[in-house]
């Protein structure tokens, strides 16, 4: 028995895998006013559909649905099986509060009680 598959079947399997990844992922990346669906994400990067996205480079913003996740500086690293892969040069996670500009004491009070 042989493991050879005709090209049209292989292309169909790759397209079906990309469609499943696209439906399962809520992640998207925004660059220069355009938004692109993220197929996969790992610790040091992410991938998008090569046919969908231009050759991205520089500062982009990563979102999970409508929630801002991170601001990232990226470079294109490889194109494999119809996916364009990007690596993070820098990734800064989004915060829901401003960073403190002073050091807090460990035993500092966290609330004041009024006189009763």
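Residues are listed down the side, and each one gets a yes or a no for (1) touching a strand residue (DSSP E or B) at 6+ places or on another chain (Cβ under 7 Å); (2) more than 19 Å from residue 89 (Cα to Cα); (3) at pLDDT below 90:
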{"residue": "31", "(1), (2), (3)": "yes, no, yes"}
{"residue": "35", "(1), (2), (3)": "yes, yes, yes"}
{"residue": "41", "(1), (2), (3)": "yes, no, yes"}
{"residue": "49", "(1), (2), (3)": "yes, yes, yes"}
{"residue": "52", "(1), (2), (3)": "yes, yes, yes"}
{"residue": "56", "(1), (2), (3)": "yes, no, yes"}
{"residue": "60", "(1), (2), (3)": "yes, no, no"}
{"residue": "67", "(1), (2), (3)": "no, yes, yes"}
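For residue 14, the criteria (1) in contact with a strand residue (DSSP E or B) (Cβ under 9 Å, 6 or more places away or on another chain); (2) touching a residue at least 40 places away in the same chain (Cβ under 8 Å); (3) not in a strand (DSSP E or B) hold in every case but one, which is (1). Counting only strands (runs of 3 or more DSSP E) that sit completely within segment 24-116, those holding 3 or more residues that are farther than 27 Å from residue 11 by Cβ correspond to 58-64, 67-80, 83-93. Residue count for segment 22-64, restricted to those that are free of Cβ contacts under 8 Å to residues at least 24 places away in the same chain and on the phi > 0 side of the Ramachandran plot: 2. Scanning segment 78-99 for residues that are exposed (fewer than 15 other Cβ atoms within 10 Å of the Cβ), touching a strand residue (DSSP E or B) at 6+ places or on another chain (Cβ under 9 Å) and under 22 Å from residue 19 (Cα atoms) yields 78, 79, 80.
The values are calculated or read from the model by the stated rules, or taken from the named source; none is laboratory data. All values derive from a computational prediction rather than experimental measurement. Backbone-built Cβ (ideal geometry, glycine too); neighbour counts: all protein chains shown.
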